[in-house]
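Everything on this sheet refers to the single structure shown next.
The values are calculated or read from the model by the stated rules, or taken from the named source; none is laboratory data. What you see is a predicted model, and the numbers here were worked out from it, not measured in a lab. Here the Cβ is made from the backbone with ideal geometry for all residues, glycine too, and neighbour counts use every protein chain on show. Areas reflect the complete protein model, heavy atoms only, side chains present, ligands, DNA and RNA absent. Shrake-Rupley method; radii C 1.70, N 1.55, O 1.52, S 1.80 Å.
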Amino acid sequence: MAFRKFLPMFDRVLVERLAAETVTKGGIMLPEKSQGKVLQATVVAVGPGSVNQKGDLQPISVKIGEKVLLPEYGGTKVILDNKDYFLFRDADILGKYVD
């Protein structure tokens, strides 16, 4: 629970990427080089939001625990308690999965 000690600023969102698939549906083991970059993640912490030109607070569009789709490139890698997390701006998140 290292992310409880870390609060993103402004419109930043802290996410944990989902694990890459190592076995296909047919049971074939995939080597690391052929595994694609995982673009899905779970939101673990959010900032308070950004302030617009009028001075009003714009809330973050995602909530803690939601699964989101990330861009292929971007984000800032953050290591907390030997786990990799990534910081993205709220506007950089491509979408969220709905149950």
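Number of residues in the range 45-75 that are closer than 15 Å to Phe10 by Cα and either open to solvent by 90 Å² or more (accessible area, probe 1.4 Å) or part of a strand (DSSP E or B) (or both): the value is 9.
Output the residue which, of all residues in the range 76-99 that are part of a loop (DSSP other than H, G, I, E, B) and either free of Cβ contacts under 8 Å to residues at least 60 places away in the same chain or touching a strand residue (DSSP E or B) at 6+ places or on another chain (Cβ under 7 Å) (or both), is nearest to Val13 (Cα to Cα).
The qualifying residue nearest to Val13 (Cα to Cα) is Ile93.
Among the residues of the range 44-69, those identified as more than 20 Å from Leu7 (Cβ to Cβ) and touching a residue at least 24 places away in the same chain (Cβ under 8 Å) are Lys67, Leu69.
Looking only at residues of the range 76-94 that are under 14 Å from Thr42 (Cα atoms) and among the hydrophobic types (A, V, I, L, M, F, W, C), we find that the one that is least open to solvent (accessible area, probe 1.4 Å) is Phe88. Of the residues that sit in the range 8-51 and are among the polar types (S, T, N, Q) and modelled with pLDDT under 85, which one is farthest from Lys67 (Cα to Cα)? Looking at residues that are among the polar types (S, T, N, Q) and modelled with pLDDT under 85, I get Ser34.
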